[in-house]
Amino acid sequence: TIFVNVSARQKTGLDTLLESLLLQAEVLELRANPSKLGRGVVVEAKLDRNRGPMATLLVQDGTFRAGDIVVSGESFGKVRAMLDDKGRNVAEAGPSTPVELLGLDGVPDAGEMLYAVSDEKAARSLIEHRRDLRGKAAREQRRQLRRGHEVARTAELLRARTVIPETRRVERELH
C-alpha cells in the first residue's frame, strides 16, 4: 500500500499523488479495452418530462455508441442520444467518459451496471431472466415470512399453555 502525504489547504503533495497513481496504474496494468462493448456504472438517473428516462453513467470499459442496445437492471433500450457534461451530443463514449444516456425504457437505480449487448433479443432474454430471479426471490421471501408468522403463533400458543396452568397452580396455593 502506497501512502502519500497530501494537503488540500496548503496545496502540497498533489504532484506526488498523481505520480503515485500513474505508477500504480502502470504496475497493475490497469487498462480498459475501448474496442469491446460498453460497460459502465449508473451514477444518477431521472425521468425527464420531455426526454424520458435519462441515466448519467461513467464508462468503465469498452465504448458506448449511439444505436447500441443497453441493459441496466430490469431496464433496457436503444441509445437514442448521449450527452457530455456540457450537454452536447456525443456519437461515442470511451472508457472513463461520463455521459448522459437517453433511450432506456425505465429509470435504472444509481449504482447499477449498464451493459451494451449484441442485439435486442439478448437484452430481452437477460431482462426476462432477471425478472424471473426477482419473482423467485420475492416468493421465497413471502414463504419465509409466512413461516416466521407460524413460528411466532406457535410460540404464543405455547406460552399461553404454560401461563394458564401456572396461573391455576398459583391460585390454588393462594386459596
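Is it fair to say L102 is open to solvent by less than 70 Å² (accessible area, probe 1.4 Å) and within 16 Å of the chain's Cα centre (by Cα)? Talk me through it step by step, then tell me what you get.
Values: open to solvent by less than 70 Å² (accessible area, probe 1.4 Å): yes; within 16 Å of the chain's Cα centre (by Cα): no.
For L102, the condition - open to solvent by less than 70 Å² (accessible area, probe 1.4 Å) and within 16 Å of the chain's Cα centre (by Cα) - is not met.
Need the failing condition index for S20 against (1) open to solvent by less than 50 Å² (accessible area, probe 1.4 Å); (2) hydroxyl-bearing (S, T, Y); (3) within 30 Å of G135 (Cβ to Cβ); (4) out of contact with any Gly (no Cβ under 6 Å at 6 or more places or on another chain), just the number.
The number of the failed condition is (3).
Testing S35 on (1) hydroxyl-bearing (S, T, Y); (2) surrounded by 12 or more Cβ atoms within 10 Å (Cβ to Cβ); (3) not in a strand (DSSP E or B), one condition comes back false. Which one is that?
Exception for S35: condition (2).
Under 9 Å between Cβ atoms, at least 6 apart or on separate chains: pull out the pairs that start in region 12-40 with a residue that is on the phi > 0 side of the Ramachandran plot and end on any residue that is modelled with pLDDT of 85 or more.
G13/V4; G13/N5; G13/V6; G13/S7
Please go through (1) buried (at least 18 other Cβ atoms within 10 Å of the Cβ); (2) in a strand (DSSP E or B) for P95 and return the number of the only condition it doesn't satisfy.
Of everything listed in (1) buried (at least 18 other Cβ atoms within 10 Å of the Cβ); (2) in a strand (DSSP E or B), P95 misses just condition (2).
Considering every residue within region 9-16, establish whether at least one is within 30 Å of L133 (Cβ to Cβ), of a type in the set (D, E, K, R) and modelled with pLDDT of 90 or more.
Taking region 9-16 and keeping what is within 30 Å of L133 (Cβ to Cβ), we get none.
Looking through region 9-16, none of the residues is within 30 Å of L133 (Cβ to Cβ), of a type in the set (D, E, K, R) and modelled with pLDDT of 90 or more.
The values are calculated or read from the model by the stated rules, or taken from the named source; none is laboratory data. The structure presented is a predicted model; accordingly, all values stated were derived computationally and were not measured. With ideal geometry, Cβ positions are generated from the backbone for all residues, glycine too; neighbour counts draw on all protein chains shown. Accessible surface areas use protein heavy atoms only, side chains included; no ligands, DNA or RNA. Shrake-Rupley method; radii C 1.70, N 1.55, O 1.52, S 1.80 Å.
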